[in-house]
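First the structure, in the form of structure tokens, and then the observations on it.
The values are calculated or read from the model by the stated rules, or taken from the named source; none is laboratory data. Fair warning: this is a prediction, and the values are worked out from it, not measured in the lab. Quick reminder, even Gly has a Cβ in these numbers, built from the backbone with ideal geometry, and neighbours come from all protein chains shown. The accessibility values were calculated without ligands, DNA or RNA, using every heavy atom of the protein model including side chains. Shrake-Rupley method; radii C 1.70, N 1.55, O 1.52, S 1.80 Å.
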Number of protein chains: 6
Amino acid sequence: MPLIQVTMLQGRTIDQKRKIATRITDTMVEEAGARREAIVVTFIEVSKESYASGGELMIDKAK
Amino acid sequence: MPLIQVTMLQGRTIDQKRKIATRITDTMVEEAGARREAIVVTFIEVSKESYASGGELMIDKAK
Amino acid sequence: MPLIQVTMLQGRTIDQKRKIATRITDTMVEEAGARREAIVVTFIEVSKESYASGGELMIDKAK
Amino acid sequence: MPLIQVTMLQGRTIDQKRKIATRITDTMVEEAGARREAIVVTFIEVSKESYASGGELMIDKAK
Amino acid sequence: MPLIQVTMLQGRTIDQKRKIATRITDTMVEEAGARREAIVVTFIEVSKESYASGGELMIDKAK
Amino acid sequence: MPLIQVTMLQGRTIDQKRKIATRITDTMVEEAGARREAIVVTFIEVSKESYASGGELMIDKAK
């Protein structure tokens, strides 16, 4: 039943997402006792202009 | 005042979203007593490589 | 696969949630072609001091 | 530590997002006593066909 | 129409939330051109055992 | 920078959350190349009456 939403910058490959989804699912099965089929992982990918930390957009930090 | 966020795979038509938004809004008015004008429905659409269940990306299940 | 998150004020009964969950699920099956077993509806309930519209907390509007 | 997620219609410029991120961050520092470096602001931008209020998609209101 | 969700640690007073909601709403009106009445701010408050940064729960950092 | 939000049923212990947070953080460092200090994991815990799958509240399934 756990739902895991991962918000991160764009640019990860499908293979990276595959590994992340698998490992997070394994974690929820092994540590939370969740049923594997019931675990959902979604990726919300944002651009560097849509993510700020410390009040500064990533696109500005990159400069 | 209710906010309803629908996370689903890409590919639904505008007409499908229109019907979903209307029916969810009707539901909140009729069952929760919410004011129609105050109900917001948003759709977050993710690709098959950004959605996993049971530890497997949809793009891999489709194979 | 659709995930529906409903954010609303506290105070709805279990029966109201039951009906809302059923009707939203029906909607996603009938309008989006989703598989019933794969649809998840969650309710995030907030207090009147944790919800503002128009810049005003609900607790202040209630006065 | 606060995480602020802003869901809004597409179409704001980078400069608008920059100002929004800065002002929200300032607000959290000044009013909530949060540490500036620990504040994250993300923008989730949706199209007019993915946002409904009062049961009506924005794309239909625009007509 | 913007929806702003603020996830933060429990413990802020009503007055702090009031000021945060007002200032974020002002920001969205002034910088994004949003209609004041259509702006919603919600606070999701989590305990120190439900918030981790750097892989460590806040409750453990506090020690 | 990744933000990971875990929505799950209430009832996990602090120690379970500790292990989940650590393993998800490790995953994001090792698979996504994220900076450890910038990774945030939050837990949103819902009751059995606030979580439905297949159109049925968990509280009803438990019967």
Filter result for the condition that a residue is under 21 Å from A:Arg35 (Cβ atoms) and open to solvent by less than 20 Å² (accessible area, probe 1.4 Å), over C:Thr25, C:Thr7: C:Thr25
Search result, residues across region E:50-63 that are in a helix (DSSP H, G or I) and modelled with pLDDT under 95: E:Lys61
Enumeration of residues in region C:1-33 that are more than 10 Å from chain F (Cβ to nearest Cβ), farther than 19 Å from A:Pro2 by Cα and touching a Pro at 6+ places or on another chain (Cβ under 9 Å): C:Met8, C:Leu9, C:Ala32
Residues located in region E:1-34, provided they are charged (D, E, K, R) and touching a residue at least 24 places away in the same chain (Cβ under 8 Å): E:Arg12, E:Lys17
Of residues in region A:35-63 being small (Gly, Ala, Ser) and in contact (Cβ under 8 Å) with a residue 24 or more places away in the chain, the one nearest to D:Gln5 (Cα to Cα): A:Ser47
Matching entry among C:Ile14, C:Ile24 (being more than 18 Å from B:Thr42 (Cα to Cα) and modelled with pLDDT of 95 or more): C:Ile14
Test: B:Lys48 is of a type outside the set (Phe, Trp, Tyr), open to solvent by 50 Å² or more (accessible area, probe 1.4 Å) and within 13 Å of chain A (Cβ to nearest Cβ): yes
Candidates F:Arg36, F:Arg18 - the one that is open to solvent by 20 Å² or more (accessible area, probe 1.4 Å) and touching a Gly at 6+ places or on another chain (Cβ under 9 Å): F:Arg36
Verdict on B:Thr42 being at the interface with another protein chain (Cβ under 7 Å from one of its Cβ atoms), surrounded by fewer than 23 Cβ atoms within 10 Å (Cβ to Cβ) and among the hydroxyl-bearing types (Ser, Thr, Tyr): yes
Residue match in region F:37-49 (condition: outside any loop (DSSP other than H, G, I, E, B), farther than 16 Å from A:Phe43 by Cα and of a type in the set (Lys, Arg)): no
